[in-house]
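Read through the structure below, which is laid out as structure tokens, and then see the notes.
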Amino acid sequence: MSALTALARVSAVSSGVAQPIATVRHVHLSSRPLVFVPLALAGEANAPLAALVGSSPDAPQLLFVPQPRNRDQRFEFAAKLAAILLSYVDSFCGETETVPAGRNTEPRERYVDAPQILVPNGGGVGFVRLFGRSTRFRRTEGEYAVDASVPLLGRWLTFFAERSEYPGSSLLVSMTGALSMHWATGQSAVEDANLAALVGWIDPPSGMSGAEAALEAEDPLTWPPAGPATDPTFDNEVLAPAIEAGSLSMLESALRSQLMPTWELMWRGVSLLRGLPPGARVEQRWTADRDAFTGFASYVAEGGYPQAKRDVAVAAAQRLARLERAQALYDAQRAYDDPLLLAEYRLSGEAFAGTVIASSPDRIDDSGKRRVLRPHVTVRSEDPVLLGPGASVVSPARPSQTGSFVSVSGPDVVLELSGGMGRGLTTPPGSVPEVGERLTYTTLTESYQAPAAFPSREETPWTHGGPPVEYVPDDEDAAEDWS
Amino acid sequence: MSDVLPAVLADLTSGLHRGVVVDSPPGAGKSTLVVRATSSMVSSGQLPLMIVAQTNEQVDDLIARLVPALPPGVGIGRLSAQGYVAPPRVAQHASVTVGSKVADLGPALIVIGTAAKWATLSEGQWPWAIVDEAYQMRSDMLLRIANRFDKALFVGDPGQLDPFSVVESERWTGLTWDPMQSAVAVLLRHNPDLPVHRLPVSWRLPYSAAPVVSQAFYPFAEFTSGTGEGDRRLSLSTSGVGGGAVDAAVEMAAATGWALYELPSQHTLRTDAEAAAACAALAQRVVERGAVAYSEVAPDGAPVTEARVAIGAAHRDQVAAIRSYLPESSEITVDTANRLQGREYDVTIVLHPLSGRRDATAFHLESGRLCVLASRHRHACIVVARAGIPELLDAHPSTEPVHLNVPVKFPDGWEANQAIMAHLHGHRVRDSG
Amino acid sequence: MTNLECLRGAAAPKSHNARTIAALTTNPGCSRRAVMDAAGIDKERLASHVGFPARFGQSQFAITRGNVFEAQLKANGCAELLRLLREVLALPIGAAAYDDLESVNQLDARADRSRELLTRAADGDEDAGTLFDHPLLRLEVGGRWVYLEPDLIALQFGGKFYVVEIKSFAVIDGKADGTKVSAAATQSAVYVLAMRRLLAEAGYDPGLVSHDVVLVCPENFSNRPVATLVDVRKKLSVLERQLARMGRIDAIVDGLSPSLTFDLQVDDAGVPQRPVAELVDGMGQIDARYSPECLANCELAFFCRHEARGSTAALGKSVREELGGVSSVSHALSLASGAVPPAEDEIEAAEMLRFAAKLRSECLS
């Protein structure tokens, strides 16, 4: 929570409708996302009860488990979900593009598009993760055999869930998360977790304020919870009798009535997000997602093991390092793409906007062995300047150019520029800010950071327990109770 | 009192353990221990030796202390990143070779560098290592350097700030190798039988502070002050004019070693101008009043100059706010808790992390933060705070998630804060505003 | 009649239990809740009558699952539980006596019987048994005795007492929902505290009760139980402090109008008759400390949220903090737009808000 977002929230209270906190869209939106609204049975560990799933707003498919405590029926549900989800995933394993060789990499093929799963909320992401966990180790032959698609589904769901931890990834997106990244409501973050209330604030029905719409959205009779948890009253008064009666039609209509409102909200959310122009670097992050997707698809095709239950020491450290790099890059990219996000850094003193009042584009530094081009610009800042000598900053307008603080006097900041000016001793036109240009400088950087080196898993040191035993799924995993 | 070094070295060289941990409370002579351990290992031939510290400044400080303590001719290799320029305290020694590769360091028997630099090495093996400030290091960093050594001495202060990550993830909670944990925590969970020694005496903290800090922040590792009651004295050469609250607080601190300068209760921004101004005023007044510090190192008294006074705060913007109330020429140090770790002054002024807040957060309650701030002084510490912190603590909801198989960490910040506030209650000076 | 009894009126008091005592630590700054709980007022009914019913329904599926799980653990003299405890506490195989205290009918008799058995066990009397099922403990809370019923207390042979807490949320690959574990740990800490006080009063070392409690949950996706030791020392210290502060409730109550009551005046048909406006006004006399987290913890939360409308606190603690502590929404906006001059203690907040407002309008225009 930043002061800008806090201010947007109070503005939302007073205006009665959610306020934008981003000027561009920071998530990728597929042209045909797979919307997945799961429900779990209360009291159980992620036992599937029902789901609406599909990639077209007018064609939701309802899956449900008629007797939710029945293990075989759960696996039937998993198989049905697999049929839909795996064919959706497969439909992206077609056209590829060639990624040219890099410094240390061979040229490779990459799928030109990737699947995107949208779930209502954080609980939906949790459902995907746990459903992946409960299915990926299953065996397809022998005593506890399940349909061949079930463990495959588990691997894919696990892939999506793990990728969703990766800052900036859009392969598995929660709707409440995506919407609250772009709008601030006049209620708290706790209440924003209710998709109906959140959409109510962003897009209230005509004649109603956001506050009224949100209040109405809290009534589980009109707006059933978006799952995976169900409304207890529904459980007790509708679901239990329907299960008891063993009536498939009763169950189907009861569950459909619980899920349809959320289904519609999901598509309303999609169109709200589509209404925002994408940020310039969204495509770049989606490319990373496509890379990850391509990599996992070939891993699966080569018969790779299901993902381990927990990370071993080296894997954990490597993953943390990747996540940290991604987080830093994601923060910088969003700020570069979106002046409103950059403004948060201006408010906190990690960025400042101003106008160039002096520029010496052809200044040469000849103090070193080699003469180098080091132009100076003086920027008159509109914002309080909290940075000082030693700080180095970048302007989103020229991301490859770094400015080092030379001096600050009052609002005037003198920066020495390097990079982004070619190799010569004269600056190409436009590469150095000219007098009168208005720009923002920030300490955020999207510059490449080399990945850290880690020992191999076989070299795990004694301080971390030594080399772990190679994980091989065993019979116990396959037989794991599901009750 | 007992010297723990022989026992530490005996354990390290016994062949029974691959590592030894030495916990050092604030000012207990950690650096001295590292220097003595090094020279002892040099003279008994436990070489080559790799030394790991966490920041370039720590590495350079250590080199500056090591060189005079070692026999002439013992070469030290300073492993550094490209572009590193050795400061004078390192560059002046002919026995120190600087290089970004081990091959550039010649036949140095002692190689020293930051953990981050060591982590870039993918080969080489040192039979002995010393890891300094090991509690400041994250366990994933230890994972990256641990294959470089056979046996290691880990030294650090368990009461200080834990390492952190910008990534919030519960993915690894409960794992013994959780990469977000400190290096020592992970080391000990995998090797619970490693000997852990404690330095029992703080040479920095005065008699008035050691028991307070020990009880609040080191409940299971008690320590005492190296100096006794009355061994340290702070006298003020001039008297205060008008006898305002600032003078009263300075006098209280000089007389008792502690003062709580309490501003009227108010919910403020982090950069509470009144509190920031008070911090600056108190620090300046200590110097203006001609404070003289009498101690075992200066029995005839040494003036408390600006360089011997520091102001500590939790946030960088608070530091900036406080600095704005000091003349640019001032040599009074103003910094965050993170950056004050390991440093020492005669008198410190602390802007209490909870001052002016309506709610406490995990960040503000973190015991390490208050511990660092309240344990930098040799003579006296003045805490600046808005009234109402005990009430805030009492109203604090205790709802942090609890994770299975994660050892409970002590001290608890909430309790440590309560203990410190209870102690400060008796040293309160009110600014009526 | 004491003041607290006046506040409650004719209704039977809702007694504290481990869950409500644990709630003392979830929002200890809230006077309203503290007074209501101390007076034994049925908050759920009150909230419902004033038009803001709580939504803490429980699904019968969850209840059934919990009961089945506990029954399975306790079947055949706790056979399955014993197996787990032997593992986690290294209980010797032979020492497996079992005492079901639930069968004793009357509350006080059951508490006395529990006390007798537990102190006998503390004497090291091996015949006293190893497992105590549903013992009844008493704890003094704000001057009143409260009865508490732990799931189970295990006595390690010749050693320590361990409180055993049975929960039906899953532990998956060694991890469980941190909020649920935290709640279970606080509840167990209440039992540890009660048990320690019982022993202390009887002249025993309260340290005989371990600060590690045994949490028993289903493992992964199965019904198979798994036991984990949970260290509740931090919870204990918070609880002790909050219980010690219960005295402040008297001070709050003393400051209330003596005629104030939350008696719903239930008629013969069981329908509350007291005018809603009177009750709302009454609640308004006791300060609440609403935050959105209350929605998950307190029966009065929807009422308090309604009352807190227009305050920045209703938007979350971090929102209020980011707004420089300004407590009302309209005032924050007025300061941001410069429509009203800031009071002296608002100058910095106002400056920040104006800067923020300028940035927003610049970027959104």
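The values are calculated or read from the model by the stated rules, or taken from the named source; none is laboratory data. All values derive from a computational prediction rather than experimental measurement. Positions of Cβ are backbone-derived with ideal geometry, glycine not excepted, and every protein chain shown enters the neighbour counts. Accessible surface areas use protein heavy atoms only, side chains included; no ligands, DNA or RNA. Shrake-Rupley method; radii C 1.70, N 1.55, O 1.52, S 1.80 Å.
Sort out for me the strands (runs of 3 or more DSSP E) sitting completely within region A:396-458 that have 1 or more residues that are touching a Pro at 6+ places or on another chain (Cβ under 7 Å), more than 26 Å from A:GLY279 (Cα to Cα) and open to solvent by 40 Å² or more (accessible area, probe 1.4 Å). Write out each step before concluding.
Values: elements: A:398-409, A:412-418, A:438-442.
Filter on region A:396-458 gives A:398-409.
Read through the list (1) open to solvent by 60 Å² or more (accessible area, probe 1.4 Å); (2) touching an Asp or Glu at 6+ places or on another chain (Cβ under 8 Å), then give the number of the only condition that B:TRP128 fails.
(1) is the only condition that B:TRP128 fails.
Name the single residue that is least open to solvent (accessible area, probe 1.4 Å) among those in region C:266-295 being within 14 Å of another protein chain (Cβ to nearest Cβ) and among the small types (Gly, Ala, Ser). Walk me through how you get there before you give the answer.
Keep residues of region C:266-295 that are within 14 Å of another protein chain (Cβ to nearest Cβ), which gives C:287-295.
Going one step further and asking which of them are among the small types (Gly, Ala, Ser), we end up with C:288, C:291.
Working: C:ALA288: 39, C:SER291: 12 Å².
Ranking the candidates gives C:SER291 first.
Please list, ordered by first then second residue, the pairs with beta carbon atoms under 6 Å, 6 or more apart or interchain, first in region B:277-290 and over 25 Å from B:ASP317 (Cα atoms), second hydrophobic (A, V, I, L, M, F, W, C) and surrounded by fewer than 24 Cβ atoms within 10 Å (Cβ to Cβ).
Hits for this filter: B:ARG289/B:LEU236.
Here are some conditions: (1) among the β-branched types (Val, Ile, Thr); (2) surrounded by 23 or more Cβ atoms within 10 Å (Cβ to Cβ); (3) part of a loop (DSSP other than H, G, I, E, B). B:THR271 meets all but one. Which one does it not meet?
(2)
Residue-wise test of (1) open to solvent by 50 Å² or more (accessible area, probe 1.4 Å); (2) in a loop (DSSP other than H, G, I, E, B); (3) more than 7 Å from every other protein chain (Cβ to nearest Cβ).
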{"position": "B:HIS379", "(1), (2), (3)": "no, no, yes"}
{"position": "B:VAL384", "(1), (2), (3)": "no, no, yes"}
{"position": "B:GLU391", "(1), (2), (3)": "yes, no, yes"}
{"position": "B:THR399", "(1), (2), (3)": "yes, yes, no"}
{"position": "B:HIS403", "(1), (2), (3)": "no, yes, no"}
{"position": "B:PRO407", "(1), (2), (3)": "yes, yes, yes"}
{"position": "B:GLU415", "(1), (2), (3)": "yes, no, no"}
{"position": "B:ALA419", "(1), (2), (3)": "no, no, yes"}
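Just give me the residues in region A:195-238 being touching a residue at least 60 places away in the same chain (Cβ under 8 Å), within 10 Å of another protein chain (Cβ to nearest Cβ) and not hydroxyl-bearing (Ser, Thr, Tyr), in sequence order.
A:ALA211, A:ALA229, A:PRO232, A:ASP235 - these are the residues of region A:195-238 that are touching a residue at least 60 places away in the same chain (Cβ under 8 Å), within 10 Å of another protein chain (Cβ to nearest Cβ) and not hydroxyl-bearing (Ser, Thr, Tyr).
From the list A:ARG285, A:ARG256, A:ARG268, A:ARG274, which residue is more than 14 Å from every other protein chain (Cβ to nearest Cβ) and open to solvent by less than 30 Å² (accessible area, probe 1.4 Å)? Steps first, answer last, please.
Numbers: A:ARG256 fails: open to solvent by less than 30 Å² (accessible area, probe 1.4 Å); A:ARG268 fails: open to solvent by less than 30 Å² (accessible area, probe 1.4 Å); A:ARG274 fails: open to solvent by less than 30 Å² (accessible area, probe 1.4 Å).
Sole residue among the options that is more than 14 Å from every other protein chain (Cβ to nearest Cβ) and open to solvent by less than 30 Å² (accessible area, probe 1.4 Å): A:ARG285.
Does region A:308-318 include one or more residues that are without any contact (Cβ under 8 Å) to a residue 24 or more places away in the chain, surrounded by fewer than 19 Cβ atoms within 10 Å (Cβ to Cβ) and of a type outside the set (Phe, Trp, Tyr)?
yes
So for region A:341-351 (the condition being more than 10 Å from every other protein chain (Cβ to nearest Cβ), open to solvent by less than 40 Å² (accessible area, probe 1.4 Å), under 30 Å from A:THR443 (Cβ atoms) and not aromatic (Phe, Trp, Tyr)), does at least one residue qualify?
Taking every residue of region A:341-351 in turn, at least one turns out to be more than 10 Å from every other protein chain (Cβ to nearest Cβ), open to solvent by less than 40 Å² (accessible area, probe 1.4 Å), under 30 Å from A:THR443 (Cβ atoms) and not aromatic (Phe, Trp, Tyr).
Here is a list of conditions, (1) open to solvent by 40 Å² or more (accessible area, probe 1.4 Å); (2) in contact (Cβ under 8 Å) with a residue 24 or more places away in the chain, and B:GLY242 meets all of them except one; can you say which number that is?
(2)
Only one residue in C:CYS298, C:CYS304 is under 29 Å from C:SER182 (Cα atoms), open to solvent by less than 30 Å² (accessible area, probe 1.4 Å) and at pLDDT below 95. Which one? Break it down stepwise before answering.
Working: C:CYS304 fails: at pLDDT below 95.
Matching residue, one of C:CYS298, C:CYS304: C:CYS298.
Only residues in region C:216-243 that are within 14 Å of chain A (Cβ to nearest Cβ) and under 27 Å from C:HIS16 (Cβ atoms) count as the first member; pair them with residues that are polar (S, T, N, Q) and open to solvent by 20 Å² or more (accessible area, probe 1.4 Å), Cβ under 8 angstrom, at least 6 apart or cross-chain, and list the lot.
Pairs found: C:CYS217/C:SER168.
In this structure, is C:PRO225 in the same structural domain as C:ARG197 (by TED's automatic domain parsing) and crowded, with 18+ Cβ neighbours inside 10 Å? Give the derivation first.
On the way: in the same structural domain as C:ARG197 (by TED's automatic domain parsing): yes; crowded, with 18+ Cβ neighbours inside 10 Å: yes.
Spelling it out, C:PRO225 is indeed in the same structural domain as C:ARG197 (by TED's automatic domain parsing) and crowded, with 18+ Cβ neighbours inside 10 Å.
Which one of the conditions (1) under 18 Å from B:SER432 (Cα atoms); (2) touching a Gly at 6+ places or on another chain (Cβ under 7 Å) does B:LEU269 fail to meet, given that it meets all the rest?
Of everything listed in (1) under 18 Å from B:SER432 (Cα atoms); (2) touching a Gly at 6+ places or on another chain (Cβ under 7 Å), B:LEU269 misses just condition (1).
For region C:172-194, what are the residues that are more than 7 Å from every other protein chain (Cβ to nearest Cβ) and touching a residue at least 12 places away in the same chain (Cβ under 8 Å)? Let's see the steps before the verdict.
In the first step, residues of region C:172-194 are kept if they are more than 7 Å from every other protein chain (Cβ to nearest Cβ); the result is C:177, C:180, C:183-184, C:186-194.
C:LYS180, C:ALA183, C:ALA184, C:THR186, C:GLN187, C:SER188, C:ALA189, C:VAL190, C:TYR191, C:VAL192, C:LEU193, C:ALA194 - these are the residues of region C:172-194 that are more than 7 Å from every other protein chain (Cβ to nearest Cβ) and touching a residue at least 12 places away in the same chain (Cβ under 8 Å).
Of all the residues that make up region C:138-152, how many are among the acidic types (Asp, Glu) and either within 14 Å of the chain's Cα centre (by Cα) or farther than 15 Å from C:GLU240 by Cα (or both)?
Of the residues in region C:138-152, the ones among the acidic types (Asp, Glu) are C:140, C:149, C:151.
Narrowing the set further to residues that are either within 14 Å of the chain's Cα centre (by Cα) or farther than 15 Å from C:GLU240 by Cα (or both) leaves C:149, C:151.
Final tally of qualifying residues: 2.
Would you point out the residue of region C:325-353, among those that are touching a Ser or Thr at 6+ places or on another chain (Cβ under 8 Å) and farther than 17 Å from B:ARG357 by Cα, that is farthest from the other protein chains (Cβ to nearest Cβ)?
C:VAL340
Could you please let me know if B:VAL429 is in a loop (DSSP other than H, G, I, E, B) and open to solvent by 10 Å² or more (accessible area, probe 1.4 Å)? Even if it seems obvious, please write down each step before you answer.
Values: in a loop (DSSP other than H, G, I, E, B): no; open to solvent by 10 Å² or more (accessible area, probe 1.4 Å): yes.
Judged against the criteria, B:VAL429 is not a match.
Residues that are open to solvent by 40 Å² or more (accessible area, probe 1.4 Å), at least 2 per element: which strands (runs of 3 or more DSSP E) completely within region A:53-165 meet that? First the steps, then the outcome.
On the way: elements: A:61-64, A:96-99, A:108-111, A:117-119.
Ranges flagged: A:96-99, A:108-111.
Go through region A:282-303 and give me each residue that's under 16 Å from A:GLY154 (Cα atoms) and touching a residue at least 24 places away in the same chain (Cβ under 8 Å).
A:PHE293, A:PHE296, A:ALA297, A:VAL300, listed by residue number.
Please verify whether C:ALA301 is touching a helix residue (DSSP H, G or I) at 6+ places or on another chain (Cβ under 8 Å) and farther than 14 Å from C:ARG32 by Cα, treating the condition exactly as stated. Quick ask: steps written out before the conclusion?
Numbers: touching a helix residue (DSSP H, G or I) at 6+ places or on another chain (Cβ under 8 Å): yes; farther than 14 Å from C:ARG32 by Cα: no.
Taking the combined requirement at face value, the residue does not satisfy it.
Test C:VAL213 against the stated conditions and say whether it is open to solvent by less than 10 Å² (accessible area, probe 1.4 Å), under 29 Å from C:ASP123 (Cβ atoms) and in contact with a His (Cβ under 7 Å, 6 or more places away or on another chain).
Working: open to solvent by less than 10 Å² (accessible area, probe 1.4 Å): yes; under 29 Å from C:ASP123 (Cβ atoms): yes; in contact with a His (Cβ under 7 Å, 6 or more places away or on another chain): no.
No: the conditions fail for C:VAL213.
Where residues in region B:339-365 are away from chain C (no Cβ under 14 Å) and part of a loop (DSSP other than H, G, I, E, B), which of them is surrounded by the most Cβ atoms within 10 Å (Cβ to Cβ)?
If we filter region B:339-365 for residues that are away from chain C (no Cβ under 14 Å), which is where we start, we get B:339-352.
Restricting the remaining residues to those that are part of a loop (DSSP other than H, G, I, E, B) gives B:341-344, B:352.
Details: B:GLN341: 23, B:GLY342: 21, B:ARG343: 14, B:GLU344: 17, B:HIS352: 27.
The extreme case among them is B:HIS352.
Of all residues in region C:5-30, how many are among the hydroxyl-bearing types (Ser, Thr, Tyr), within 14 Å of C:CYS298 (Cα to Cα) and open to solvent by 20 Å² or more (accessible area, probe 1.4 Å)? First the steps, then the outcome.
Within region C:5-30, the subset among the hydroxyl-bearing types (Ser, Thr, Tyr) is C:15, C:20, C:25-26.
Checking which are within 14 Å of C:CYS298 (Cα to Cα) leaves us with C:20, C:25-26.
Within this subset, residues satisfying the condition of being open to solvent by 20 Å² or more (accessible area, probe 1.4 Å) are C:20, C:26.
Residues in region C:5-30 being among the hydroxyl-bearing types (Ser, Thr, Tyr), within 14 Å of C:CYS298 (Cα to Cα) and open to solvent by 20 Å² or more (accessible area, probe 1.4 Å): 2 in total.
So, in region B:179-224, of the ones that are in a strand (DSSP E or B) and of a type in the set (A, V, I, L, M), which residue ends up farthest from B:GLY19 (Cα to Cα)?
Applying the filter and picking the extreme gives B:VAL201.
Condition first: within 7 Å of another protein chain (Cβ to nearest Cβ) and buried (at least 23 other Cβ atoms within 10 Å of the Cβ). Now tell me which residues in region A:12-22 satisfy that.
Initial filter on region A:12-22 (within 7 Å of another protein chain (Cβ to nearest Cβ)): A:13-14, A:20.
Passing the criteria: only A:VAL13.
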